[in-house]
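Undergrad: Pasting a structure below so you can have a look.
The values are calculated or read from the model by the stated rules, or taken from the named source; none is laboratory data. These numbers come from a predicted model, not from an experiment. Note: ideal-geometry Cβ built from the backbone for every residue, glycine included; neighbour counts use all protein chains shown. Please note that ligands, DNA and RNA were not included when accessible areas were found on the heavy atoms of the full protein model with its side chains. Shrake-Rupley method; radii C 1.70, N 1.55, O 1.52, S 1.80 Å.
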Amino acid sequence: IMAHITEDPGLVGAFMRDEDIHAATASQVFGVPLDQVTPEMRRRAKVFNFGVLYGLSEFGLSTRERISREEAGEFIKTYFAKYPGIRRYIDETVQRTRELGYAETLLGRRRYIPEIRSANAVVRQAAERAAVNMPVQGTAADIIKIAMNRIDAELEARRLKSRMILQVHDELIFECPASELDEVRRLALEIMPRPLEMKVPLKVDTKVGKNWGEME
């Protein structure tokens, strides 16, 4: 979703090439070929790929990774140099939210954040982080809700005995008779990626098991 919203060529390209996004980020930031990215490089890139949406700072990164402030600062500087679309998204989103008083998802659902105009720097900065995060996390929530409604309607229309019993972030858990397993799997693979037309593909993986702890 961040790749779609920011239209950053580096992020979009990695998804279109079906690369491991965290390894691709590590390759960009550490300046090494993709096949030379170490597990440690990938792990640190993953921390920031997710952390950037929560306003992970130089201090936060240095504390979490137990590295110097200078090294953390250099990593962040290089990250935004490689992904300028993300930097632009952050700056523009904060400014727009300050002007409008709310942030919104790609589907138009709003979160009002009046505290982004607060004179208190701590309150204001927390609001800025929320404003940056909301369009991405909120759009993810919108997408899964639309998929759930559409799948539920299909289950009912087809008079299936299978039931959607739990949502966990971007995962759905179904309870199915063995005879309906393939049909429900096809429904999930067909419906879940399509609530929103995006510049990068939304991919869905399926697992099956006797219970949630034995999925393969």
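Undergrad: Could you tell me the center-to-center distance, by alpha carbons, between the stretch 193-211 and the stretch 85-142 in angstrom?
TA: If we compute the Cα centre of each part, the gap is 27 Å.
Undergrad: For the chain, give the percent of accessible area contributed by carbon and sulfur heavy atoms, probe 1.4 Å, rounded to a whole number.
TA: After summing per-atom areas, the C and S share lands at 50 percent.
Undergrad: With springs connecting C-alpha atoms under 10 Å apart, model the chain as a Gaussian network and identify which of L166, L187, L61 has the largest mean-square fluctuation.
TA: For the chain, modelled as a Gaussian network with Cα springs under 10 Å, the answer is L166.
Undergrad: Per the Kirkwood definition applied to all pairs of different Cα atoms, how many angstroms is the hydrodynamic radius of the stretch 77-169?
TA: Details: mean 1/r = 0.0643 Å⁻¹.
The Cα-based Kirkwood calculation yields 15.5 Å.
Undergrad: Pairs of alpha-carbon atoms within less than 8 angstrom and 6+ residues apart define the contacts here; what relative contact order does the stretch 1-75 have, in percent?
TA: Relative contact order comes out at 18 percent.
Undergrad: Could you check which residue among F48, F15, F174 shows the biggest mean-square fluctuation in a GNM of the chain with a 10 Å Cα cutoff?
TA: F174
Undergrad: Bin width 5 Å, alpha-carbon pairs only: give the P(r) of the stretch 153-216 as whole percents, running from 0 to the bin holding the largest distance.
TA: 4, 14, 27, 26, 16, 8, 3, 0
Undergrad: Using only alpha-carbon positions, what ratio does the radius of gyration of the chain give when scaled by 2.2 N^0.38 Å?
TA: Normalised Cα radius of gyration, the chain: 1.18.
Undergrad: With Cβ to Cβ distances under 12 Å as the rule, what net charge do the other residues near A72 carry (K, R +1; D, E -1)? Could the numbers behind the result be given before it?
TA: Numbers: positive: R44, R64, R66, R69, K77; negative: E58, E65, E70, E71, E74.
Neighbour charge sum, excluding A72 itself: 0.
Undergrad: Only four residue types carry charge here, +1 at the Cβ of Lys and Arg and -1 at the Cβ of Asp and Glu. Report the dipole size of the stretch 33-177 about the Cα centre in Debye, rounded to the nearest 20.
TA: Using Cβ point charges on Lys, Arg, Asp and Glu, the stretch 33-177 gives about 180 debye.
Undergrad: So, one more: Could you identify which residue out of A153, A178, A45 has the top mean-square fluctuation in a GNM of the chain using Cα springs shorter than 10 Å?
TA: A178
Undergrad: May I ask for the net charge around D20, where only other residues with Cβ less than 13 Å from the Cβ of D20 are counted and Lys, Arg are +1 while Asp, Glu are -1?
TA: +2
Undergrad: Work through the residues other than N149 whose Cβ is under 12 Å from its Cβ and net out their charges, Lys, Arg +1 and Asp, Glu -1.
TA: The answer is -2.
Undergrad: Next question. How many angstrom lie between the C-alpha centres of the stretch 1-72 and the stretch 145-165?
TA: 36 Å
Undergrad: Which one of G108, I90, F80 is farthest out on the positive end of the charge dipole of the stretch 77-119, using unit charges on Cβ (Lys, Arg +1; Asp, Glu -1) and the Cα centre as origin?
TA: F80
Undergrad: Report D for the stretch 68-118 in µm² per second (integer): Stokes-Einstein, Kirkwood Rh on Cα pairs, 4 °C, 1.567 mPa s. Don't skip to the answer; put the middle values down first.
TA: Working: Rh = 12.7 Å.
Value of D from the Cα-based Kirkwood radius: 102 µm²/s.
Undergrad: Could you work out, for the stretch 1-99, what percent of all Cα-Cα pairs fall into each 10 Å distance bin, beginning at 0 Å and stopping at the bin that holds the largest distance?
TA: Percent of pairs per bin, in order: 16, 49, 30, 5, 0.
Undergrad: Then there is this: With +1 on each Lys and Arg Cβ and -1 on each Asp and Glu Cβ, and nothing else charged, work out how big the dipole of the stretch 147-216 is about its Cα centre, in Debye to the nearest 20.
TA: For this selection, approximately 120 debye.
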